[in-house]
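Reviewing the structure listed below.
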Amino acid sequence: MEYRYAQTKALLVVQMLVALMLLPPLTTRAESQQHRGAWVEEIVVSEEGDAARAVDMMEADRLDVYGVGISDADLHEKIQDSKILGHDLSFGSSVELTFNPVGPTFGDANQLNPFHLQSVRQAMNWLIDREYIAQEIYGGLAKPRYLPISTVFPDYARLVTTARQVEIEYGHKPEKAQEVINREMQELGAERFQGKWHYQGQPVKLTFLIRMEDKRREVGDYIANKLEDIGFTVIRDYRTAAEASPIWIGSDPAEGRWHLYTGGWVNSGISRDEASVFNTFFTPRGRPDPLWQSYTPDKQFDRLADRLARRDYETLDQRRQMMAEATRLAMQDSVRIWLVDQKTIWPRRSNVEVAADLAGGMAGSWLWPLTIRFSDQPGGQLRLATSSLLTEPWNPVAGSNWIFDTMVQRATADAALLPDPFTGLAWPQHITKAEVTVREGLPVQKSLDWVDLNFASTIQVPDDAWIDWDPSGQKFIPVQERHPDGLEARTRTVIFYQEDLFQTKWHDKTTFSLADALAGLILSFERADPESELYDRSAISAFETFIRHFKGLRIIQKDPLVVEVYSDNMYLDAELIAFSRASYLFPSYTSGTAPWHMIGLGIRAETAGDLAFSKSKAQKTGVEHMSYISGPSIKILDKHLQKVQEEGFIPFSDFLDSYVQPEQAGKRYRQLATWREETGNFWVGLGPFILHSVHPTQGVLVLRRFEDYRDRADKWLRFTTPRKPKIRIASPQEFVPMGSKAEFKIRLSCGQAACNPQEIRFVSFLVFDGQNRLVLSGQAQPTGEGTWRVSLSPEQTAKLPPGSNRLEIAVSSKEIAIPGFDSLSFVTLPSQ
C-alpha cells in the first residue's frame, strides 16, 4: 500500500476538464439481459492524495469513487453518517517498520547502523507500544499486529494459541528494549554522553524515511520520539511514495541513505494460506530488489521459510508446527516488524455499486471493473480518483506493482480464474472445470463444484511433459531427458479451458492464440537463464522458488485447450491449486495480461540494449525502465515497432513458428501500430476496459468500455454484502467458584439471521488468567441454530487462579474467510 502525494484541488479540476476535452462523445447503453462487458462506458482516473478533499468532492458531485482505503477516524465517521455517500469496509491493510540490515557501518564507513544486529531489531518490538498506535493514532480503526501473518486471515485463527503467546512475549516492554539496545550499542563501540549515543566522536544519526500522506507520518513521529528518548539522533526524512521508493526499495542499502522506513502493504485479496509470508518478507527469494537481496536469515529460518513457501509438509499438524516455529524465528529476525492491521473504509457516492474485496477493498478487488456501475442510470462516465497514479513505469513483465497502478491495470486485464472477494477461493473465468489429484494423506479440501478432487498413492509425471527450457536450442526439455528413471509429483491438475477461448479478442482486435500463452511461459525460463539475452538477475529468486516445485506441463489437447500440470507445490484448497496451475498457460504477467506481439516488442527493445523490463536490470545496464504507456520508452518502442513490422518478428521463433504464421505476425504488428496511433500507448489488454488515453502531465488516464468483451455484465453481481458472523458471549454466572463447572453460551448471527452450523468451520476458545497467561484452550460445541457452548469442567476451573480471567472466542466461517473474535471477562473465586 504505497501512496503518492496529492495535487492541489484546483489542479485536479483542471486535470479532469482537460481529460474530458480530449475525449470523443460517449454513447449510452441500456441495461438488459443481453448487456455484456463493463456496465459504465468510461472511467476517468485522476490523482488525489488528500482523502478529506476527496470526500468533499464526492459530496459535491465532482467525484464518484475514491479508490483509496481511509483509516482516519473523523473521516470514517463522516462517511458513515453521510446521506450522500456509500462505502465498503476492508481489513487487509497493514503498517510495518522496515529496517536496513546492512552493517555495522555503511555509506562513508563512519555511519553506524545498529539495525544490522538482529538483537536490536528484535528489541524494537518491545520499544514500540502497538496498542497506543492502534488506539491513539488510528482512533481505534486498527488492531495491534505482531506477527508476519495477518490478524484477519484464516491462519491467525488456526494458530491462535501460538499467536497469543507470541503477542504476550513481544508486548510493550520499554525497559527490556533499552537494556538490550544499550548492551549492543556498547558492544559496537558506541558511547553515550550527554544523553546521546556517539560513534567515533560523532552522534549516531538514524535516517528515518517517514511516509507523509497518511497516518504513517504520525506513526513515524511516535517511533522517532521513542528512539530519541533512548539516545539516538533521528533525522526525520518525510517523503511521498514516489520520493521514498527509489531510496528504500530502489537503492543499494549499503549506500547508507536510510536506516528505517514506515512501510505499508495491502493484501489485494483474501489470503487463505499465508505459509509463504516468511519467504516473501524475510529472504532474498521474496523480491528482486536490492533490499531483499541484502537479507541473510538464519539457516534454520531460511530452510523453514523455503519449505513453507513450497508447502513441503504432509499433514495439517506438521504445517501448524512449522508455521508456529517460523513465526517465532521471524520475530527474532525482525528485518521488519509489523505494527497494526487497519480497518479501512472505501467511500463512493451512494448511487455507485461495486464488488469490493474484504481484504484489499476496491483497490484489491479483481472484480471491481466487472461490477462497478451506477444504480440509478445505465452506462455513463464514472469519475475515479486514487492517491497515486503512474507511480512507476507500466510494463506487464516487471513494471509497477504499486497497488493503485495495479487497480487500474486490472480493469484492462483478465485471468483464467478470479478470486472470490469474500472467501479468497477462485471462480472460473476462462476455464470450465479442473481436476485436481493429490497424493494420499496431504491435507487438501474442496468447497466448490467446478473442481474435482481426487487422491492417489503415487502420481507419475509423463515422460513427454515439459519440465525445462533450452534457450540455445529454443525448445522445451521433456521429463524423460532430465529424469530418465522417472519422476513423481505431489499434485496433478488438469485444466479445461473454455471451448471458445481462441475466439477471445485482445484490445487491438487481434485474436487470442496459444502462442500468447506459450510466450509467457517461455519468457519465465529465459529471464532466469544466464545463457539467455533476456537474463535478468532480479528474476532468479522467484524462478528458483517456482522451479523447486514445478514437475512438468503437458498440452493434452490444443482446441479446446486442455492442459495438465504436475507440481510439488500445494495449497489447502483444491480451488487454489487449480488457480495457480491455470496461470501457467494463460498470458498473465506480474502487471496484467498481454499478447505475444506486445511482449515481443519489449523483448526486441531489451535485447537491443535500449530498454529493460525490470527496474533492477535498467539500473544495472543504464537504460530506461520500460513503460508501454508514457515517457521516453514510447519513442524507443516506436522505433522497434517499425523494425518488427518489417521483419515479421516472432519471439522464440524456432519454437513459436509452429504456432504463428508469418502473415499472422505481420497482421498483429499492423494492429498494434493502429492501436498506438489511436491511443498513444502500447498497452494491449484483455479485460472489460481499454486504456484509451494517458495524460501524465495532468495526472489523468481514461479507460473506455471494451466493446468486444464477451461476458455478460451480470456474471459477478452476486458478490454483494458479505455474511460476516457477529459474536455475542453470554455467561450465566458472573463469578465462577474454582473447581466447579462453568458454561458460556456463544451466539452467532450471519447477516440478519442466526448462523447455520454448516456455515461455520470452527469456534475455538482460549482462557487467559489475570497475568495474561494462556491456561486453557479448546473447541466450542454447537447446540442449535446459531448457538455454541463452551463448557469448563471442575478440573479445568481448578487450574485458574483466583481473580479476573478472560475468555476469548475465535470463529472461522465457510462463507467469509476473515475470522471473527470476541472476549468476555469473568472472575474465579476460591472454593468454599
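The values are calculated or read from the model by the stated rules, or taken from the named source; none is laboratory data. Values in this document were obtained by computation on a predicted structure and should not be read as measured data. Neighbour counts are summed over all protein chains in view; Cβ atoms, including those assigned to glycine, are modelled from backbone coordinates with ideal geometry. These accessible areas exclude ligands, DNA and RNA; they are computed on the full protein's heavy atoms, side chains included. Shrake-Rupley method; radii C 1.70, N 1.55, O 1.52, S 1.80 Å.
Please specify each residue of the stretch 367-401 satisfying the condition of being among the aromatic types (Phe, Trp, Tyr) and buried (at least 24 other Cβ atoms within 10 Å of the Cβ).
Narrowing the stretch 367-401 to residues among the aromatic types (Phe, Trp, Tyr): 368, 374, 394.
Once the filter is applied, which keeps residues that are among the aromatic types (Phe, Trp, Tyr) and buried (at least 24 other Cβ atoms within 10 Å of the Cβ), the stretch 367-401 yields Trp368, Trp394.
All but one of (1) assigned to a loop (DSSP other than H, G, I, E, B); (2) over 26 Å from the mean Cα position of the chain (by Cα) hold for Ile467; state the number of the condition that does not hold.
(1)
In the stretch 559-568, how many residues are closer than 15 Å to Ala578 by Cα and either open to solvent by 20 Å² or more (accessible area, probe 1.4 Å) or part of a helix (DSSP H, G or I) (or both)?
Going through the stretch 559-568 one residue at a time, the tally reaches 1.
Asp129 passes all but one of (1) buried (at least 21 other Cβ atoms within 10 Å of the Cβ); (2) out of contact with any Leu (no Cβ under 6 Å at 6 or more places or on another chain); which number fails?
Tallying (1) buried (at least 21 other Cβ atoms within 10 Å of the Cβ); (2) out of contact with any Leu (no Cβ under 6 Å at 6 or more places or on another chain), Asp129 fails exactly one: (1).
In the stretch 351-366, how many are small (Gly, Ala, Ser), assigned to a loop (DSSP other than H, G, I, E, B) and crowded, with 24+ Cβ neighbours inside 10 Å?
Narrowing the stretch 351-366 to residues small (Gly, Ala, Ser): 355-356, 359-361, 363-365.
Then drop every residue that is not assigned to a loop (DSSP other than H, G, I, E, B), which leaves 355-356, 359-360, 365.
Still in the running and crowded, with 24+ Cβ neighbours inside 10 Å: 356, 359-360, 365.
Total meeting the criteria: 4.
Out of everything in the stretch 773-794 that is free of Cβ contacts under 8 Å to residues at least 40 places away in the same chain and either over 26 Å from Cys750 (Cα atoms) or aromatic (Phe, Trp, Tyr) (or both), what residue ends up being surrounded by the fewest Cβ atoms within 10 Å (Cβ to Cβ)?
Kept after step one, since they are free of Cβ contacts under 8 Å to residues at least 40 places away in the same chain, are these residues of the stretch 773-794: 775-776, 778-786.
Then keep just the ones that are either over 26 Å from Cys750 (Cα atoms) or aromatic (Phe, Trp, Tyr) (or both); that gives 775-776.
Values: Val775: 16, Leu776: 18.
For the stretch 773-794, the residue satisfying everything is Val775.
Based on this model, can you work out whether Val660 counts as farther than 30 Å from Ile431 by Cβ and buried (at least 19 other Cβ atoms within 10 Å of the Cβ)? Show your work before the answer.
Working: farther than 30 Å from Ile431 by Cβ: no; buried (at least 19 other Cβ atoms within 10 Å of the Cβ): yes.
So Val660 does not fit the description; no.
Look at Asn805 and say whether it is on the phi > 0 side of the Ramachandran plot and of a type in the set (S, T, N, Q).
No.
Please find, within the stretch 164-211, the residue that is surrounded by the fewest Cβ atoms within 10 Å (Cβ to Cβ) out of those that are aromatic (Phe, Trp, Tyr) and assigned to a strand (DSSP E or B). Write out each step before concluding.
From the stretch 164-211, those aromatic (Phe, Trp, Tyr) are 170, 193, 197, 199, 208; that's our starting set.
Filter again for assigned to a strand (DSSP E or B), leaving 193, 197, 199, 208.
Values: Phe193: 8, Trp197: 24, Tyr199: 19, Phe208: 22.
Top of the filtered list is Phe193.
Take the conditions outside any loop (DSSP other than H, G, I, E, B), open to solvent by 10 Å² or more (accessible area, probe 1.4 Å), among the aliphatic types (A, V, I, L, M) and farther than 29 Å from Phe282 by Cα and apply them to Ile556. Does it pass?
yes
Hey, does the stretch 818-827 have a residue that's outside any strand (DSSP E or B), modelled with pLDDT under 85, surrounded by fewer than 19 Cβ atoms within 10 Å (Cβ to Cβ) and in contact with a Phe, Trp or Tyr (Cβ under 8 Å, 6 or more places away or on another chain)?
First, the residues of the stretch 818-827 that are outside any strand (DSSP E or B): 818-819.
Now restrict to residues that are modelled with pLDDT under 85: 818-819.
Keeping just the survivors that are surrounded by fewer than 19 Cβ atoms within 10 Å (Cβ to Cβ) gives none.
No: zero hits.
Inside the stretch 231-250, can you point out the residues that are of a type in the set (A, V, I, L, M) and either open to solvent by less than 10 Å² (accessible area, probe 1.4 Å) or within 27 Å of the chain's Cα centre (by Cα) (or both)?
From the stretch 231-250, those of a type in the set (A, V, I, L, M) are 234-235, 241-242, 244, 247, 249; that's our starting set.
Residues satisfying the conditions are Ala241, Ala242, Ala244, Ile247, Ile249.
Identify all residues within the stretch 473-491 that are of a type in the set (D, E, K, R) and more than 24 Å from Phe455 (Cα to Cα); write none if there are none.
Of everything in the stretch 473-491, those that are of a type in the set (D, E, K, R) and more than 24 Å from Phe455 (Cα to Cα) turn out to be Lys475, Glu481, Arg482.
Inspect all residues belonging to the stretch 414-433 and state whether any of them is open to solvent by 30 Å² or more (accessible area, probe 1.4 Å) and not in a strand (DSSP E or B). Outline the logic, then answer.
We begin by selecting, within the stretch 414-433, every residue open to solvent by 30 Å² or more (accessible area, probe 1.4 Å); these are 427, 432-433.
Keeping just the survivors that are not in a strand (DSSP E or B) gives none.
Among the residues of the stretch 414-433, not one is open to solvent by 30 Å² or more (accessible area, probe 1.4 Å) and not in a strand (DSSP E or B), which makes the answer no.
I'd like the full set of residues that are buried (at least 18 other Cβ atoms within 10 Å of the Cβ) and farther than 24 Å from Ser472 by Cβ, limited to the stretch 635-644.
Filtering the stretch 635-644 down to residues buried (at least 18 other Cβ atoms within 10 Å of the Cβ) leaves 636-637, 640-641, 644.
Answer for the stretch 635-644, where residues must be buried (at least 18 other Cβ atoms within 10 Å of the Cβ) and farther than 24 Å from Ser472 by Cβ: Ile636, Leu637, Leu641.
Among the residues that make up the stretch 372-388, is at least one of them closer than 22 Å to Ser627 by Cα, in contact with a Gly (Cβ under 8 Å, 6 or more places away or on another chain), modelled with pLDDT under 95 and in a loop (DSSP other than H, G, I, E, B)?
Among the residues of the stretch 372-388, at least one is closer than 22 Å to Ser627 by Cα, in contact with a Gly (Cβ under 8 Å, 6 or more places away or on another chain), modelled with pLDDT under 95 and in a loop (DSSP other than H, G, I, E, B), which makes the answer yes.
State which residue is nearest to Asn279 (Cα to Cα) when the search covers only the stretch 326-350 and only residues that are open to solvent by 10 Å² or more (accessible area, probe 1.4 Å) and not hydrophobic (A, V, I, L, M, F, W, C).
Asp333
So, of the residues in the stretch 509-553 that are over 23 Å from the mean Cα position of the chain (by Cα) and aromatic (Phe, Trp, Tyr), which turns out to be most open to solvent (accessible area, probe 1.4 Å)?
Selected residue: Tyr535.
For Tyr222, state whether it is at pLDDT 95 or above, among the aromatic types (Phe, Trp, Tyr), open to solvent by less than 60 Å² (accessible area, probe 1.4 Å) and closer than 26 Å to Gln321 by Cα.
It is false that Tyr222 is at pLDDT 95 or above, among the aromatic types (Phe, Trp, Tyr), open to solvent by less than 60 Å² (accessible area, probe 1.4 Å) and closer than 26 Å to Gln321 by Cα.
Which residue pairs have Cβ atoms closer than 7 Å, lie 6 or more positions apart in sequence or on different chains, and pair a first residue in the stretch 698-714 that is on the phi < 0 side of the Ramachandran plot and in contact (Cβ under 8 Å) with a residue 60 or more places away in the chain with a second residue that is hydroxyl-bearing (Ser, Thr, Tyr) and surrounded by 19 or more Cβ atoms within 10 Å (Cβ to Cβ)?
Qualifying pairs under 7 Å: Val700/Ser46; Leu701/Ser693; Val702/Ser693.
Could you check the stretch 251-350 for helices (runs of 4 or more DSSP H) lying wholly inside it with 3 or more residues that are more than 16 Å from the chain's Cα centre (by Cα) and in contact (Cβ under 8 Å) with a residue 40 or more places away in the chain?
Values: elements: 277-282, 290-293, 299-309, 316-333.
Result: 290-293, 316-333.
Name every residue in the stretch 588-625 that is over 19 Å from Asp405 (Cα atoms), in contact (Cβ under 8 Å) with a residue 24 or more places away in the chain and in a loop (DSSP other than H, G, I, E, B), in order of residue number.
Pro595, Ala608, Asp610
Of everything in the stretch 651-677, what is in contact with a Gly (Cβ under 8 Å, 6 or more places away or on another chain) and within 13 Å of Asp508 (Cβ to Cβ)? Give them in sequence order.
Result: Tyr669, single match.
Just give me the residues in the stretch 134-163 being part of a helix (DSSP H, G or I) and surrounded by fewer than 20 Cβ atoms within 10 Å (Cβ to Cβ), in sequence order.
Pass one, the stretch 134-163, residues part of a helix (DSSP H, G or I): 134-137, 154-158, 160-163.
Hits for the stretch 134-163 are Gln135, Glu136, Thr161.
Report the residue count in the stretch 450-465 for those that are farther than 24 Å from Ile270 by Cβ and surrounded by 14 or more Cβ atoms within 10 Å (Cβ to Cβ).
So the count comes out to 5.
Would you mention how many residues in the stretch 706-746 are part of a strand (DSSP E or B) and open to solvent by 20 Å² or more (accessible area, probe 1.4 Å)? Steps first, answer last, please.
Narrowing the stretch 706-746 to residues part of a strand (DSSP E or B): 712, 725-730, 735-737, 742-746.
Keeping just the survivors that are open to solvent by 20 Å² or more (accessible area, probe 1.4 Å) gives 712, 726-730, 735, 737, 743, 745.
Summing the residues that are part of a strand (DSSP E or B) and open to solvent by 20 Å² or more (accessible area, probe 1.4 Å) in the stretch 706-746 gives 10.
Do we have Ser447 as part of a loop (DSSP other than H, G, I, E, B) and open to solvent by less than 10 Å² (accessible area, probe 1.4 Å) here? Full working, then the answer.
Working: part of a loop (DSSP other than H, G, I, E, B): yes; open to solvent by less than 10 Å² (accessible area, probe 1.4 Å): no.
Here the answer is no, as Ser447 does not meet what is asked.
For residues that are touching a residue at least 24 places away in the same chain (Cβ under 8 Å) and of a type in the set (S, T, N, Q), scanning just the stretch 466-502, find the one that is most open to solvent (accessible area, probe 1.4 Å).
Ser472
If you scan the stretch 684-705, which residues turn out to be touching a Ser or Thr at 6+ places or on another chain (Cβ under 9 Å) and open to solvent by 40 Å² or more (accessible area, probe 1.4 Å)?
The answer is Pro696, Gln698.
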